[in-house]
Structure formats: structure tokens, C-alpha cells
Amino acid sequence: MSLRRYLNLALKEASKSKCNQRLGCVAISSNRVVSKGFNRHLSEAQDTRRKGEHAIHAEAIALRRTGGNLVDCLVVARLTQGGIVSMALPCKRCLDHCRRSGVKYVFYTDWSGQIQKVKV
């Protein structure tokens, strides 16, 4: 599957979010999708252990859903309320989570909707 197709899956996940800044994430292992997720308000999520946060990030949800599979990379995309593809660079906490999980690269959308890559 191509990076563009993974991006489309991440955008489809982002469209499910009810947050103002809708993010979707796809976890990839050996060129196949092993999990997906989108950001959610804590009231929508089952895991409410993280007090003081307003949302659980798409990356964290996707990594939790891997079923023990190793993840090579994540593809993260952001949609504004107007449906415009925007910046989705993961926050420091999500990048740390990726590092601990063994993720090597994160591909994300930038301000112009192009795909960028960061080594974790």
C-alpha cells in the first residue's frame, strides 16, 4: 500500500473525530495497517486515567490498539472544521510514546497538506 493510501485512511479516521482539530492516525507494520484511531474528548473515551487532558490523541489510541504488533511507522493527518488538511506534527508526549513503542518514523500532514516525515 502506498503512503498516499495510508494518508487517506488517516484522513478518514480524522473525519470521525468530534474535536475542533480532528486528527486521525494509522499504525503500519511490515507495510500493512495494524491499527487506526482518531482523537476523542475524554468524555467519549473509555480511558479517563489522564486527568487534566481534554482529549486523547489519535496517536495514543492507535498505539494502544496494535494488539502487541510492532509498529514501523505512524501516519497522522489533521482536518480543520472546514475540512482543510492541516498540520498534524505529533506533540512531544506522543513522540515520546512512539519512541517507547519502537516506532521508527512518523509521517504527518503539514500546513499545506503535504506529507512530512520525522525520525523518532
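Condition check for residue 82 on (1) crowded, with 20+ Cβ neighbours inside 10 Å; (2) at pLDDT below 95: one failure, at (1). Scanning segment 91-120 for residues that are of a type in the set (S, T, N, Q) and either at pLDDT 95 or above or under 18 Å from residue 7 (Cα atoms) (or both) turns up 109, 112, 114, 116. Within segment 62-93, the residues that satisfy the criterion of being assigned to a helix (DSSP H, G or I) and either more than 21 Å from residue 8 (Cβ to Cβ) or free of Cβ contacts under 8 Å to residues at least 12 places away in the same chain (or both) are 64, 92, 93.
Within segment 104-116, being free of Cβ contacts under 8 Å to residues at least 60 places away in the same chain and either closer than 20 Å to residue 16 by Cβ or under 13 Å from the mean Cα position of the chain (by Cα) (or both) holds for 105, 106, 108, 113. Tell me, yes or no, whether segment 58-76 has at least one residue that is touching a strand residue (DSSP E or B) at 6+ places or on another chain (Cβ under 6 Å), on the phi > 0 side of the Ramachandran plot and not acidic (Asp, Glu). The answer is no, given that none of the residues of segment 58-76 is touching a strand residue (DSSP E or B) at 6+ places or on another chain (Cβ under 6 Å), on the phi > 0 side of the Ramachandran plot and not acidic (Asp, Glu). Select, from 60, 88, 55, the only residue that is surrounded by 13 or more Cβ atoms within 10 Å (Cβ to Cβ) and either at pLDDT below 80 or within 21 Å of residue 2 (Cβ to Cβ) (or both). Just one listed residue meets the conditions, 88. Please state which one of 34, 26 is in contact (Cβ under 8 Å) with a residue 40 or more places away in the chain and β-branched (Val, Ile, Thr). The unique qualifying residue is 26.
The values are calculated or read from the model by the stated rules, or taken from the named source; none is laboratory data. The structure presented is a predicted model; accordingly, all values stated were derived computationally and were not measured. No Cβ is skipped: glycine too gets one built from the backbone with ideal geometry, and neighbour counts run over all protein chains shown.
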